[in-house]
Amino acid sequence: MPGRLKPPPPGNYSIACPYCRDSNLLAVSIDLSEVRCPSCGQTIRVLIATVRAKRGRASGPQREYVIRTITHSGEGVLRFVDAGGSDLDLRSGDIMYVVYKMKENRTYDETPSLLCNVTTHQGTIIKPRKSGCFIATVACGYGSWEVKVLSGFRDDILSKSEIGSLFIALYYTFSPFFASFIVKRENLKKNIRRFIIFPAAALASRMFKIKCAWSS
């Protein structure tokens, strides 16, 4: 029964490294452990948990996951998007782990790079989603308020419907070409930000209460 599920026991687990793909027995004593791969020396973060429930929803060529987990810290929810669209085999009661890569600024990616079902000994590489809104990023800068709001609008609103998913697919097809066209045209970038990007972000923020796609 789901109510009797327990967090995974601490101990040595065979953890696959997303950098070199080698698997090594690593001591994982807490829910979220920072460990170093003995093979390549890269530092990774490992979350190990018992699966309570898994929901995977296809959204165009990618798949959105919501996995309810049980750890020693309590119940939690793991959300991420696999741009590869793979259907993860996870059932209630399975023990799983996910691995996060460390970025250059010594913070960790928000999307795991690798997931493994310890119970069935099956793992999968998670393909990261394409980067944020190309045109907004070029016009406003990476990490700007407009990019965060529009990325949140994409993830929380557009991706939930078939029409929205089609729009996202079309946008990713054509926007890189337009973004490369405006990248060195400063006046054009300023006008696009002022008259298109900012009004669109402000409207999305007001109508859908979107604050920041990467705030959590």
### Query
Tell me, which residue of segment 41-52 that is surrounded by 14 or more Cβ atoms within 10 Å (Cβ to Cβ) and not polar (S, T, N, Q) is farthest from TYR13 (Cα to Cα)?
ARG52
### Task
Inspect segment 166-174 for any residue being more than 30 Å from THR107 (Cα to Cα), touching a Gly at 6+ places or on another chain (Cβ under 8 Å) and at pLDDT below 90 and give the result as yes or no.
yes
### Message
Whether any residue in segment 65-72 is in contact with a Pro (Cβ under 8 Å, 6 or more places away or on another chain), buried (at least 19 other Cβ atoms within 10 Å of the Cβ) and either touching a residue at least 12 places away in the same chain (Cβ under 8 Å) or not small (Gly, Ala, Ser) (or both) is what I want to check.
### Response
yes
### Task
For ARG45, indicate whether it is closer than 30 Å to ALA169 by Cβ and in contact (Cβ under 8 Å) with a residue 24 or more places away in the chain.
no
### Task
Kindly indicate whether ARG52 is of a type in the set (Lys, Arg), under 18 Å from the mean Cα position of the chain (by Cα) and on the phi < 0 side of the Ramachandran plot.
no
#### Entry: LYS54 being out of contact with any strand residue (DSSP E or B) (no Cβ under 6 Å at 6 or more places or on another chain) and either within 18 Å of PRO112 (Cβ to Cβ) or at pLDDT 90 or above (or both)
no
### Query
Quick one: is LEU166 surrounded by fewer than 16 Cβ atoms within 10 Å (Cβ to Cβ) and closer than 18 Å to GLN62 by Cα?
yes
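The values are calculated or read from the model by the stated rules, or taken from the named source; none is laboratory data. In this text, all values refer to a predicted model and were calculated from it rather than measured experimentally. Quick reminder, even Gly has a Cβ in these numbers, built from the backbone with ideal geometry, and neighbours come from all protein chains shown.
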